[in-house]
Amino acid sequence: MTEIQGINGDHPQRFVGCCGAYCRTCRPFIEGTCKGCKLGYDTGERDIIRAKCPMKACCFRERQHETCADCPDYATCTIISDFYAKKGYKYKKYKESVEFIRKNGYKRFFEIANTWKGAYGRLP
């Protein structure tokens, strides 16, 4: 399976939101009603200073990580743990994605996630 290409043919991690949502297979992203979590910041289409998402502000803007999976403070971060504590199935699945990436890496995550039909799916 070929690895997906991100911006300028690199950085496929830009399709993974800081929280673990996978934009590449998400219906609103595919249909063009969503810009994705991080796309457009490196080209100047969007201004990261204006980002309102607390995770994106901390992870992507301040710490310059691709996702919270890259953060050494992940286990003690109240921003991400408060997000994952919200009611709703998707939050559990986003957390599962980040923890899968931490354990198995992005390459393995993409091999599985590229088969999904939404922003999250089944992981082994």
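Any residue that is within 17 Å of R14 (Cβ to Cβ) and assigned to a loop (DSSP other than H, G, I, E, B) - is there at least one of those in the stretch 101-109?
yes
Condition first: in a helix (DSSP H, G or I), surrounded by fewer than 18 Cβ atoms within 10 Å (Cβ to Cβ) and either in contact with a Phe, Trp or Tyr (Cβ under 7 Å, 6 or more places away or on another chain) or free of Cβ contacts under 8 Å to residues at least 40 places away in the same chain (or both). Now tell me which residues in the stretch 85-98 satisfy that.
The answer is Y89, K90, Y91, K92.
Among the candidates I48, I79, which residue alone is over 24 Å from N114 (Cβ atoms), in contact with a Pro (Cβ under 7 Å, 6 or more places away or on another chain), surrounded by 14 or more Cβ atoms within 10 Å (Cβ to Cβ) and of a type in the set (A, V, I, L, M, F, W, C)? Break it down stepwise before answering.
Values: I48 fails: in contact with a Pro (Cβ under 7 Å, 6 or more places away or on another chain).
Exactly one residue qualifies, and that residue is I79.
Anything in the stretch 52-64 that is surrounded by fewer than 17 Cβ atoms within 10 Å (Cβ to Cβ) and outside any helix (DSSP H, G or I)? List them, or say none.
Across the stretch 52-64, the qualifying residues are K52, R63, Q64.
Any chance the stretch 45-56 includes a residue that's modelled with pLDDT of 95 or more, out of contact with any Asp or Glu (no Cβ under 6 Å at 6 or more places or on another chain) and acidic (D, E)?
Checked the stretch 45-56: no residue is modelled with pLDDT of 95 or more, out of contact with any Asp or Glu (no Cβ under 6 Å at 6 or more places or on another chain) and acidic (D, E).
When the residues of the stretch 66-76 are narrowed to those that are of a type outside the set (D, E, K, R), buried (at least 18 other Cβ atoms within 10 Å of the Cβ) and in contact (Cβ under 8 Å) with a residue 24 or more places away in the chain, which ends up nearest to F15 (Cα to Cα)?
T67
Do any residues in the stretch 17-32 that are polar (S, T, N, Q) have Cβ atoms under 6 Å from those of residues that are part of a loop (DSSP other than H, G, I, E, B), where the two are at least six apart or on different chains, and which pairs are they?
T25/W116
The values are calculated or read from the model by the stated rules, or taken from the named source; none is laboratory data. All values reported here derive from a predicted model rather than from experimental measurement. Note: ideal-geometry Cβ built from the backbone for every residue, glycine included; neighbour counts use all protein chains shown.
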